[in-house]
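Worksheet: one structure, shown below.
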Amino acid sequence: LTLGVLTSGGDAPGMNAAIWAAARLAAVEGETLLGIRRGWAGLLEGDAVPVDPDVADRFARRGGTWLGTARLADFPSHLERVVASVRGLGLDGLFVLGGGGSLSAAGLLSRQGIAVAGVAATIDNDVAETELTIGFDTALQTAVAMADRLRDTAEAMPRLFALETLGGDTSYLAEAVARISGADLLLAREVPVDPEVAATALRAVLERRGHALMVASESYPDGAGVMAAISQLCGMRLRLTRLGHAQRGGDASPRDRALAIASAEAAVTLLGRREGGLVAVRGGRIVIDDLPTKPTLPPFPAGWRGLV
Ligand code: F6P
């Protein structure tokens, strides 16, 4: 068989480990694996290279994706050409790594009679069908390490700090960072706060301990303005750190690599049987489900025990 692999949307640490694991298993099974460059956009142009497991191995531990990635707007309008490209490259199956949008695109493609296996890979951990997305653990580790550093300096020179995380339109990443780093306040789009209530709570912490830490998701509406208002109400200047895309890079954590390897092997096994589906995690185990055709968000965790 000839299989294809592509990475789509925001890159996530662990994508390279998944490409390598897919190449290794494909080689063992006697299948050819083509790496599609720049996600769906590259597939439209038939931009593919054979993936040698030993070449893929050199990238396996690194962040990003050596195949490159892209965002393709309005996938349904390209569907017919994508199907033609898959057939033109002689692909018997396609392995897609990406977030909710990319997996829905994979779902639409699979409804055209093409074997597609999808695995959720995004630092945002915002795909309803799976408990854990590839890249989340590494991004969490990076952000928690940064929060810990902020607290070192906050303890030395007491002040009001804020750390802004990525997360796209959602705050699953920010919530986990806030919970694990022991932040005092979370600014999550899903659970908006009243700046007055937040400031009253933070003032109490500042009086007691001298320093306080807010964690904000980039998705928080007018986050900078709200944080500025809170700082003014607290009567203390704010020190804001924006992690931005630095949070998306970096070598994948062992947990992300383990998830990437297990998921990629499950995906190649499915495609080897000319089947497709979504390789997901439920109850900590790998399961196979139908690919979605539209992105759905998981419920927002109820575990936050911060101030407000
Ligand atoms: O969806 C993944 C993600 O990293 C989000 O956390 C972030 O908001 C977005 O991608 C950034 O996208 P881009 O790299 O296109 O600016």
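Output yes when any residue across the range 157-166 is within 11 Å of G99 (Cα to Cα), within 15 Å of the ligand (Cβ to nearest atom) and either part of a loop (DSSP other than H, G, I, E, B) or touching a His at 6+ places or on another chain (Cβ under 7 Å) (or both), and no when none is.
In the first step, residues of the range 157-166 are kept if they are within 11 Å of G99 (Cα to Cα); the result is none.
No, there is no match, as no residue in the range 157-166 is within 11 Å of G99 (Cα to Cα), within 15 Å of the ligand (Cβ to nearest atom) and either part of a loop (DSSP other than H, G, I, E, B) or touching a His at 6+ places or on another chain (Cβ under 7 Å) (or both).
Taking the range 167-181 as the region of interest, how many residues are of a type in the set (D, E, K, R) and not in a helix (DSSP H, G or I)? Talk me through it step by step, then tell me what you get.
Residues of the range 167-181 that are of a type in the set (D, E, K, R), as a first pass: 169, 175, 179.
After this cut, where a residue has to be not in a helix (DSSP H, G or I) as well, the list is 169.
Number of matching residues: 1.
Are there any pairs, at least 6 apart or on different chains, whose C-beta atoms fall under 8 Å, with the first in the range 6-18 and within 15 Å of W40 (Cβ to Cβ) and in contact (Cβ under 8 Å) with a residue 24 or more places away in the chain and the second of a type in the set (D, E) and within 12 Å of the ligand (Cβ to nearest atom), and if so, which?
Taking only residues 6 or more apart or on different chains, the pairs are G10/D124.
Return yes or no: is R209 under 28 Å from the mean Cα position of the chain (by Cα), away from the ligand (no atom under 16 Å from the Cβ) and of a type in the set (K, R)? Show your work before the answer.
Details: under 28 Å from the mean Cα position of the chain (by Cα): no; away from the ligand (no atom under 16 Å from the Cβ): yes; of a type in the set (K, R): yes.
Considered against the rule, which asks whether it is under 28 Å from the mean Cα position of the chain (by Cα), away from the ligand (no atom under 16 Å from the Cβ) and of a type in the set (K, R), R209 comes out as no.
Quick one: how many residues across the range 101-124 are buried (at least 24 other Cβ atoms within 10 Å of the Cβ) and touching a residue at least 60 places away in the same chain (Cβ under 8 Å)? Before you say what the answer is, go through the steps one by one.
Keep residues of the range 101-124 that are buried (at least 24 other Cβ atoms within 10 Å of the Cβ), which gives 102-103, 105-106, 109, 116-124.
Restricting the remaining residues to those that are touching a residue at least 60 places away in the same chain (Cβ under 8 Å) gives 102-103, 105-106, 116-124.
Total satisfying the criteria: 13.
So that you can scan it fast, the table gives a plain yes or no per residue for (1) part of a strand (DSSP E or B); (2) closer than 26 Å to P299 by Cβ; (3) within 29 Å of the chain's Cα centre (by Cα):
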residue: A183; (1), (2), (3): no, yes, yes
residue: V193; (1), (2), (3): no, yes, yes
residue: V205; (1), (2), (3): no, no, no
residue: M214; (1), (2), (3): yes, yes, yes
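Can you name every residue in the range 62-85 that is touching a residue at least 24 places away in the same chain (Cβ under 8 Å), surrounded by fewer than 17 Cβ atoms within 10 Å (Cβ to Cβ) and over 19 Å from V49 (Cβ atoms)? Steps first, answer last, please.
Going through the range 62-85, the residues touching a residue at least 24 places away in the same chain (Cβ under 8 Å) turn out to be 62-72, 75-76, 78-79, 81-83, 85.
Checking the rest, the ones that are also surrounded by fewer than 17 Cβ atoms within 10 Å (Cβ to Cβ) come to 62, 70-71, 76, 79, 81, 83.
Those that are touching a residue at least 24 places away in the same chain (Cβ under 8 Å), surrounded by fewer than 17 Cβ atoms within 10 Å (Cβ to Cβ) and over 19 Å from V49 (Cβ atoms): R71, P76, L79, R81, V83.
Checking the conditions here, which among A188, A143 is of a type in the set (G, A, S) and farther than 18 Å from G63 by Cα? Spell out how you get there, then give the answer.
Numbers: A143 fails: farther than 18 Å from G63 by Cα.
Being of a type in the set (G, A, S) and farther than 18 Å from G63 by Cα holds for just one of A188, A143, which is A188.
Is one or more of the residues making up the range 170-188 of a type in the set (D, E, K, R), within 16 Å of the ligand (Cβ to nearest atom) and in contact with a Ser or Thr (Cβ under 7 Å, 6 or more places away or on another chain)? Write out each step before concluding.
Quick first cut of the range 170-188, residues of a type in the set (D, E, K, R) only: 175, 179, 184.
Imposing the further condition that a residue be within 16 Å of the ligand (Cβ to nearest atom) reduces the set to 175.
Keeping just the survivors that are in contact with a Ser or Thr (Cβ under 7 Å, 6 or more places away or on another chain) gives none.
There is no residue in the range 170-188 that is of a type in the set (D, E, K, R), within 16 Å of the ligand (Cβ to nearest atom) and in contact with a Ser or Thr (Cβ under 7 Å, 6 or more places away or on another chain).
Could you grab me the full set of residues in the range 125-156 that are crowded, with 20+ Cβ neighbours inside 10 Å and hydroxyl-bearing (S, T, Y)?
Matches in the range 125-156: T130, T133, T138, T142.
Rule-based calculations on the coordinates, nothing more; no lab input. Quick caveat: nothing in here was measured; it's all calculated off a predicted structure. No Cβ is skipped: glycine too gets one built from the backbone with ideal geometry, and neighbour counts run over all protein chains shown.
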